[in-house]
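Structure first, then comments.
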Amino acid sequence: MWIVRPGDTPYEPSDELRQIDQQLVQLIQRRKTCQDFENIPNVKTLRQWLGEDNDAVARSLWIFRMLGNPDLEKAPEILEPELPVDAESLMLEVEWDHYRLLLTHTIRYQEYSLVLSYLTSQQAIEQGLLQVTLQIAGDSRNYHVKGQSMTSNNQFLFIEWLIRPALPQRAKNLTWSVVPSEKPIFNIRFPEMTVLRPSSPLNFVPYLAPGL
């Protein structure tokens, strides 16, 4: 979720769907002009509207939480489709508590790079809120890093990072670190979620596969 790339999925809706989508966009823009737009319906209210359809309630709650988010500075960028220049394995990791954050590889484009990573844990992390900053040093460039997309299940939290300017070749030789942050990677408020972050900055080290 939260990855915006025009052209990945053709938008060819029916007239009815196009009309609904246009109304949704207009309502979203209108909602954000309300003084108390951060307030969102709770589960009890959604059940009054939707009945006992748990999937519909969960889906609606997720949408409202995003709509009630006042912080937009970390919203995903719209990336125009283009072919990558190359890809490179990273396989760098950090560990804290019972969590392991692994940077698997980077995909380099002309103006930016994408770094793919995932967080694992000995415990379920579906309700985890990752509050860290990814930092890169080791050459003369000042890298700007932001979260671009995230998906999760009970065992993994997949994160894609957008990095500008594009990383050089042999990017794994740079100094990679993860720093605790007061804000989550994605600005969505989930009061019931566990905050996932180390207590101090950590440098990534080469990944050691189990058994080695």
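Taking amide H as placed 1.01 Å from N in the peptide plane, L130 has its amide H under 5 Å from the amide H of I185, L196, each at least 5 places away in sequence or on another chain.
Ranking S117, S200 from most to least accessible surface, computed with a 1.4 Å probe over the protein chains only, gives S200, S117.
Taking the average, over residues, of other Cβ atoms within 10 Å as the packing measure, peptides 203-209, 165-171 rank 165-171, 203-209 from highest down.
Among E12, E95, E160, E77, the order of accessible area from largest down is E12, E95, E77, E160, computed with a 1.4 Å probe on protein heavy atoms. Taken over the C-alpha atoms, region 21-113 has Rg and Dmax values of 19.8, 51 angstrom.
Summarising the amide proton neighbourhood of Y207: residues at separation of 5 or more, or on other chains, whose placed amide H is nearer than 5 Å comprise L92, E93.
In region 16-72, one over the average inverse separation of all distinct C-alpha pairs is 12.4 Å, which is the Kirkwood hydrodynamic radius.
Close amide H contacts of S152 (hydrogens built in the peptide plane, cut-off under 5 Å, sequence separation of 5 or more or a different chain): F158.
With the alpha-carbon atoms of region 86-198 aligned to their principal axes, the span from lowest to highest coordinate is 40, 24, 20 Å, starting with the largest.
The values are calculated or read from the model by the stated rules, or taken from the named source; none is laboratory data. Please read all numbers here as calculations on a predicted model, not as lab measurements. Cβ sites come from the backbone with ideal geometry, for glycine too, and all protein chains shown count toward neighbours. With ligands, DNA and RNA removed, areas are computed over all heavy atoms of the protein, side chains included. Shrake-Rupley method; radii C 1.70, N 1.55, O 1.52, S 1.80 Å.
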